[in-house]
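The values are calculated or read from the model by the stated rules, or taken from the named source; none is laboratory data. Values in this document were obtained by computation on a predicted structure and should not be read as measured data. In this analysis, Cβ positions are derived from the backbone assuming ideal geometry, glycine residues included, and neighbour counts consider all displayed protein chains. All accessible areas refer to the heavy atoms of the entire protein, side chains included, with ligands and DNA or RNA removed. Shrake-Rupley method; radii C 1.70, N 1.55, O 1.52, S 1.80 Å.
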Amino acid sequence: MSDRIEQVLNEALAAIAAADTPDVLNEARIRFLGKKGSIQALMSEMKNLSKEEKPAFGQKVNSLKTAVSEKLEQRMAELSAFAQKEKMAAEVLDITLPGTKIDAGTIHPLIMIQQELEDLFVGMGYKIAEGPEVEEDYYNFELANIPQDHPARDMQDTFYIDPNTLLRTHTTAMQMRELEKAKGQLPIKLICPGKVYRRDDDDATHSHQFMQCEGLVVGEHITLADLKGTLEYMANAMFGEGRKVRFRPSYFPFTEPSVEVDVSCPFCNGKGCNVCKGSGWIEILGAGMVHPHVLEMNGFDSDKCSGFAFGVGLERVAMLKYGIDDIRNFYMNDLRFLKMFERFD
Ligand code: DAH
């Protein structure tokens, strides 16, 4: 009988040692310690022994049971420590590995200029107006004091969709919509940024699509001095402190008087350089006092109110500000160009 006990012990120890997963070890537990296991089988053989033999045999089987249980516990602990280690090894994070760079887009330089202007003018109490790019001849030309056959129509080669519908050639079309919408109510103080279109051949300084921002103020006692102060403030904010503006007489059908506006060259501080072609001044926009006839056509009494307006090209501002020499860069979507503006975001 002792041999049998010895044999079961050896078998159990071998099975426990060989178990390499908790599942296999559990099978060994059932095989030896289970209700139908080998140790229980030894116990049931007790009934065949004599009274004298029983206690010693019982003790031996109990010790066998304890020994096998202890070995099982120990192996289970080893296996779970091992499993834990393996799991951790599998989950290890290599923090020295460089991260994956997600290539985020950048704000387009023209949108940056637009946002800068919007912040600037909203800060002075202006509203931002929007309007359609596919526009009626009426708002783009008629209300802007440029009737059919007016020679000024030649100043802006136009993409016509039908005789009354076109791609707006200037943001002045939005100015007209806003004037009409106001129904004579004062004051008006707004800017209208947006895309405009002209039937030009693209080259370094022309693009068939470009951007403008229109400014419009109408109220009582609005003068050319207000326009000059406003534009000087804008020039200082966009091109740096110390900018001066000067007006040169010009002609636009929707303003009287009309002016071309120059800013003192931000590159040479007005001394003369190759950017300003030695003049010390750079032309940046067209402006003027809203023509009384435009006010009247839109339902305002031009004896009681007056207004100023201006229209600035965003490409022109961006080109000067960032030293860009070809307008086509804005529309080529060359990432090497666009990425240069990342640092200004
Ligand atoms: N609409 C003009 C253009 O596209 C620019 C302009 C000039 C707008 C004078 C104005 C203005 O509002 O007063 O060339």
Only unsatisfied item for Ile39, checking (1) at pLDDT below 85; (2) in contact with a Leu (Cβ under 8 Å, 6 or more places away or on another chain), is (1)
Does the range 21-59 hold any residues that are part of a loop (DSSP other than H, G, I, E, B) and either within 17 Å of Glu73 (Cα to Cα) or within 60 Å of the chain's Cα centre (by Cα) (or both), and which are they?
Thr21, Gly34
State all residues of the range 260-269 that are within 24 Å of Asn140 (Cβ to Cβ) and either outside any strand (DSSP E or B) or open to solvent by less than 30 Å² (accessible area, probe 1.4 Å) (or both); if no residue qualifies, say none.
Val261
Of all strands (runs of 3 or more DSSP E) completely enclosed by the range 134-219, which ones contain at least 1 residues that are hydrophobic (A, V, I, L, M, F, W, C) and within 11 Å of the ligand (Cβ to nearest atom)?
188-197, 209-219
Mind listing whichever residues of the range 273-285 are of a type outside the set (Lys, Arg) and in a loop (DSSP other than H, G, I, E, B)?
Cys273, Asn274, Val275, Cys276, Gly278, Ser279, Gly280
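Residues checked against (1) surrounded by fewer than 15 Cβ atoms within 10 Å (Cβ to Cβ); (2) aromatic (Phe, Trp, Tyr); (3) not in a strand (DSSP E or B):
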| site | (1), (2), (3) |
| --- | --- |
| Met234 | no, no, yes |
| Glu241 | yes, no, yes |
| Pro249 | yes, no, no |
| Ser258 | no, no, no |
| Lys271 | yes, no, yes |
| Phe300 | no, yes, yes |
| Asn329 | no, no, yes |
Just one of (1) open to solvent by 80 Å² or more (accessible area, probe 1.4 Å); (2) in the same structural domain as Phe337 (by TED's automatic domain parsing) trips up Leu120, so point out which.
(1)
Out of the residues in the range 307-324 that are within 14 Å of the ligand (Cβ to nearest atom) and either aliphatic (A, V, I, L, M) or open to solvent by 30 Å² or more (accessible area, probe 1.4 Å) (or both), which is nearest to Asp226 (Cα to Cα)?
Ala309
May I ask you to list the residues in the range 295-309 that are small (Gly, Ala, Ser) and within 9 Å of Gly184 (Cα to Cα)?
Gly299
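Yes or no, residue by residue, for (1) among the small types (Gly, Ala, Ser); (2) without any contact (Cβ under 8 Å) to a residue 12 or more places away in the chain:
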residue: Ile284; (1), (2): no, no
residue: Asp303; (1), (2): no, yes
residue: Ser306; (1), (2): yes, no
residue: Phe310; (1), (2): no, no
residue: Tyr322; (1), (2): no, no
residue: Ile327; (1), (2): no, no
residue: Asn333; (1), (2): no, yes
residue: Phe337; (1), (2): no, yes
Under 6 Å by Cβ, and 6 or more places apart or on different chains, what pairs join a residue from the range 201-220 that is over 23 Å from Pro132 (Cβ atoms) with one that is within 10 Å of the ligand (Cβ to nearest atom) and open to solvent by 60 Å² or more (accessible area, probe 1.4 Å)?
none
When you go through (1) at pLDDT 90 or above; (2) open to solvent by 60 Å² or more (accessible area, probe 1.4 Å) one by one for Thr100, which number turns out not to apply?
(1)
Among the residues of the range 286-298, what is the count of those that are within 16 Å of the ligand (Cβ to nearest atom), assigned to a helix (DSSP H, G or I) and either open to solvent by 10 Å² or more (accessible area, probe 1.4 Å) or without any contact (Cβ under 8 Å) to a residue 60 or more places away in the chain (or both)?
3
When every residue in the range 204-222 that is open to solvent by 60 Å² or more (accessible area, probe 1.4 Å) and either of a type in the set (Val, Ile, Thr) or more than 19 Å from Gly288 (Cβ to Cβ) (or both) is compared, the one modelled with the highest pLDDT is His208
Please work out which one of (1) closer than 21 Å to Cys192 by Cα; (2) in a loop (DSSP other than H, G, I, E, B); (3) more than 16 Å from the ligand (Cβ to nearest atom) is the condition Pro253 fails and give its number.
(3)
